[in-house]
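What follows is one structure encoded as structure tokens, with my remarks underneath.
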Amino acid sequence: MSVQDKLRWDSKYASNDMVLESSVLLDLALPFLEKQESKERLKVLDIACGTGRHSLKLMSSRKLNLTCVDISEVALSKLEALLKAKEYSSHKVNLVCADLENFEANEEYDLVMKFFYLNRGILKNLRSLVKQNGIFIYESFERLSEDKNTDHYLDVDELLTYLSDFEILHKDYVNESEEKRTIRVIARRIL
């Protein structure tokens, strides 16, 4: 992403237009995450976290060792304020302001979450982000029309090609229009 992208996202978060509910996909993923009870803290990476709506929801059900990454300093500042206001002291949280086009994780996670941010480079490197038997949650748009820009939309079932070493635990689609739909996937790394 460029400096212009960073400024655009900072402006969106500063305007308070970005207050959204967490994805229902998290509710569907909780039973799979509960199977990892042997760990006191679940190690989680939230990519393009924004103001942390997904992480905050997950924090209400599990103790986390959480890394939240976003390009917007404004979004991360709002998340930091929410964390302080809600007393999440039992969690370990690392907020990282980074250009996601160049972001590299140097460790593996029990759970990687990615909602409505398309970066095929990160998708191609899933094995380096998700621990064996770890969970990957992804929700994004697929294009149903050739008119939609492939920079912003996955092709139909393209996501599944990136997950060949993963067991698909849940997959569904939400039709948005004749031109696009949402794909929602929960997968476990098996190799």
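The values are calculated or read from the model by the stated rules, or taken from the named source; none is laboratory data. This structure is a prediction, so every number in the text was calculated from the model and none was measured. Positions of Cβ are backbone-derived with ideal geometry, glycine not excepted, and every protein chain shown enters the neighbour counts. All accessible areas refer to the heavy atoms of the entire protein, side chains included, with ligands and DNA or RNA removed. Shrake-Rupley method; radii C 1.70, N 1.55, O 1.52, S 1.80 Å.
So here's what we get for this one:
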quantity: Counted residues, segment 7-58 - those being in contact with an Asp or Glu (Cβ under 8 Å, 6 or more places away or on another chain) and modelled with pLDDT under 75; calculated: 4
quantity: Contacts under 6 angstrom Cβ, first residue in segment 105-132 being farther than 21 Å from residue 34 by Cα, partner of a type in the set (S, T, N, Q) and assigned to a strand (DSSP E or B), 6 or more apart; calculated: 116/140; 118/140
quantity: Residues satisfying the stated conditions in segment 161-191, i.e. in contact (Cβ under 8 Å) with a residue 40 or more places away in the chain, under 15 Å from residue 143 (Cα atoms) and of a type in the set (A, V, I, L, M, F, W, C); calculated: 183
quantity: Candidate set: segment 92-130, residues that are closer than 20 Å to residue 52 by Cβ and polar (S, T, N, Q); chosen: the one least open to solvent (accessible area, probe 1.4 Å); calculated: 119
quantity: Boolean, residue 79 is open to solvent by less than 40 Å² (accessible area, probe 1.4 Å), over 27 Å from residue 169 (Cβ atoms) and within 18 Å of the chain's Cα centre (by Cα); calculated: yes
quantity: Selection within segment 140-166 - surrounded by fewer than 13 Cβ atoms within 10 Å (Cβ to Cβ), within 21 Å of residue 130 (Cβ to Cβ) and of a type in the set (D, E, K, R); calculated: 157
quantity: The one condition in (1) within 25 Å of residue 120 (Cα to Cα); (2) part of a helix (DSSP H, G or I); (3) at pLDDT below 85 that residue 102 fails to fulfil; calculated: (2)
